[in-house]
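Beneath this line is the structure, given in structure tokens, with notes to follow.
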Amino acid sequence: MTNLEKAIEKSLEEINDFLPIENQLEISSDEILIGPEGILDSLSTATFLLELENQYSELTGESIDFAEMIISEDGLVKNFKISDIRNLLKDEK
């Protein structure tokens, strides 16, 4: 498992801590997570992205602005599945 995958998993676990059991996200799922058709609302999206940045930084010592990578000048116009987020850093080992 790459550091990014670990950070994604920990970030989703953090989101799940605030959701009722019946609404918790499956970490292995590849539903659309964020975007116009995403299952996360705007507050959960912001929380996820901040947590992802923190978790990734904690694991690697690198600071990456995932929000900047995902949100365009026009806002959040594209849908992102978990697999899409995993692919943001294709060269990671």
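Looking only at residues that are in contact (Cβ under 8 Å) with a residue 40 or more places away in the chain and within 11 Å of the chain's Cα centre (by Cα) in segment 36-53, which one is nearest to I8 (Cα to Cα)? So the residue we want is L52. Scanning segment 70-88 for residues that are in a helix (DSSP H, G or I) and either loosely packed, with under 13 Cβ neighbours inside 10 Å or of a type in the set (D, E) (or both) yields S83, D84, N87.
When residues in segment 34-69 are screened for being in contact with a strand residue (DSSP E or B) (Cβ under 7 Å, 6 or more places away or on another chain) and not in a helix (DSSP H, G or I), 5 of them pass.
Does S29 satisfy the criteria of being open to solvent by less than 50 Å² (accessible area, probe 1.4 Å) and in a loop (DSSP other than H, G, I, E, B)? Yes: the conditions hold for S29. Taking the numbered list (1) open to solvent by less than 80 Å² (accessible area, probe 1.4 Å); (2) at pLDDT 90 or above in turn, S63 passes all entries but (1).
Would you say T2 is under 17 Å from S63 (Cα atoms), more than 12 Å from the chain's Cα centre (by Cα) and of a type in the set (S, T, N, Q)? Answer is yes for this residue.
L76 meets each of the listed conditions (1) touching a Pro at 6+ places or on another chain (Cβ under 9 Å); (2) modelled with pLDDT of 85 or more apart from (2).
Looking across segment 6-26, just one residue is loosely packed, with under 15 Cβ neighbours inside 10 Å and touching a helix residue (DSSP H, G or I) at 6+ places or on another chain (Cβ under 7 Å), and that is Q24.
The values are calculated or read from the model by the stated rules, or taken from the named source; none is laboratory data. Keep in mind that this is a model prediction, so the values were computed, not measured. Because the Cβ atoms are built from the backbone with ideal geometry, glycine has one as well, and the counts that use them run over all protein chains shown. All accessible areas refer to the heavy atoms of the entire protein, side chains included, with ligands and DNA or RNA removed. Shrake-Rupley method; radii C 1.70, N 1.55, O 1.52, S 1.80 Å.
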